[in-house]
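Right, one structure below, let's go through it.
The values are calculated or read from the model by the stated rules, or taken from the named source; none is laboratory data. From a predicted model like this one, the values you see are computed outputs, not experimental measurements. Here Cβ is always computed from backbone atoms with ideal geometry, including for glycine, and neighbour counts include all displayed protein chains. Please note that ligands, DNA and RNA were not included when accessible areas were found on the heavy atoms of the full protein model with its side chains. Shrake-Rupley method; radii C 1.70, N 1.55, O 1.52, S 1.80 Å.
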Amino acid sequence: MRHLPVMFSEVMEGLAVKAGGTYLDGTFGRGGHARGVLAQLGPAGRLLVMDKDPEAIAEAGRLAHDDARVAWRRGSFADLARWPLADPGLDGVLLDLGVSSPQLDVAERGFSFGKDGPLDMRMDPDSGESAAQWLAHASEKDIADVLWTYGEERQSRRIARAIVARRGDAPLLRTAQLAELIASVMPRGDSKIHPATRSFQAIRIFINRELVDLEAGLDAALERLKPGGRLAVISFHSLEDRIVKRFMASHAKAPPANRRMPVELPFTPVLRLLDGAQKAGAAELAANPRARSAVLRVAEKLAAAGGAVAA
């Protein structure tokens, strides 16, 4: 079954692709959005794609082999400003955050507690520690802090205590082991959400430095966008969306007046917000339930003087 890119129509409308433009997809995945951009580019257009995932980059390489307008680079979008091909400036940047459907569906990647597999969770399996390796040595306090900070898990201390106690008997190496352990210490309630959901999210975000990369990637995208260029970001949980919302607002709107400041500092907007927070429509949700938590935000970079650029 072909991967369904989330909010495809809304992303294409938000990017407003120019035939001769240069666009960067910082989260290629299986290329659904990227192919949509490519279909609207003319012969002089350029598509740059990035991803940490080796399988995603292998797919990007095949696309580049078939189309000379495509160039790829394995790595985090946090480093997009360091890619020389982005130096001339970009007409659009897309960031589709979080874990992709193909990553969730492959048990061996260790992202999902719904499928038993190695407790890995790395988007780049060739870099850094796996979730199992980190849980084997992290302190109880550090584990609790991660679960609370990145998963907003109210039972973070109880879960961390259980993890440390269990690893004293045997290492946690499988997703099912961790999910069952978390479920065993969580209060029984009527929630339809699996007890391990927030903890798995938190560990995954921490292992992959997702929020750190997001903040760096937003700065890099703004730096490389041309005046009139569009930044489109799809978030899947409140922590991501909060960062995106604040970033765009801080560059589009003057901060609230501070009565303690004797002189109001001048503010020149560098972004124009477009359409607010967009959600997937009913038809998409019926075909792809994973889109229910997606939030799309789009902004346009303004000219140096602060005025909007004519289309």
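With a cut-off of 19 Å on the backbone N, the residues of the range 203-218 near the modelled label site 7 Å out from residue 246 along Cα-Cβ are 205-206, 209-218. Comparing 127, 76, 199, which has the greatest mean-square fluctuation in the GNM of the chain with Cα pairs linked when under 10 Å apart? Of 127, 76, 199, the most mobile in the Gaussian network model is 127. Taken per residue, the accessible surface of the chain reaches 50 Å², heavy atoms only and a 1.4 Å probe. Cα convex hull, the chain: 164 Å³ per residue, rounded to a whole number. Ordering of 54-63, 7-16 by packing is 7-16, 54-63, highest average first (other Cβ atoms within 10 Å, averaged per residue). Looking at the chain alone, DSSP beta bridges between its own residues are antiparallel in about 40 percent of cases.
For the pair residue 275 and residue 9, the difference between a 0.36 nm per residue extended length and the Cα-Cα distance amounts to 94.4 nm. The sum of -39500 (n - 2.57) across all DSSP H runs of n ≥ 4, divided by the residue count of the chain, sets its helix-only mean residue ellipticity at 222 nm to -12000 deg cm²/dmol. Label positions at residue 293 and residue 192, each projected 7 Å from the Cα along the C-beta direction, are separated by 1.4 nm. Per-residue packing, averaged as other Cβ atoms within 10 Å, sorts the ranges 215-225, 274-284 into the order 215-225, 274-284, beginning with the highest. Taking amide H positions as modeled 1.01 Å from N, with prolines and chain starts lacking one, the residues under 5 Å from residue 121 and 5 or more places away or on another chain are 110, 111, 131.
What's the carbon and sulfur percent of the chain's accessible surface, probe 1.4 angstrom, rounded to a whole number? Within the chain, the accessible surface is 53 percent carbon and sulfur. Residues whose amide H lies under 5 Å from that of residue 24, counting only those 5 or more places away or on a different chain, are 48, 92, 93, 94; hydrogens are built 1.01 Å from N in the peptide plane.
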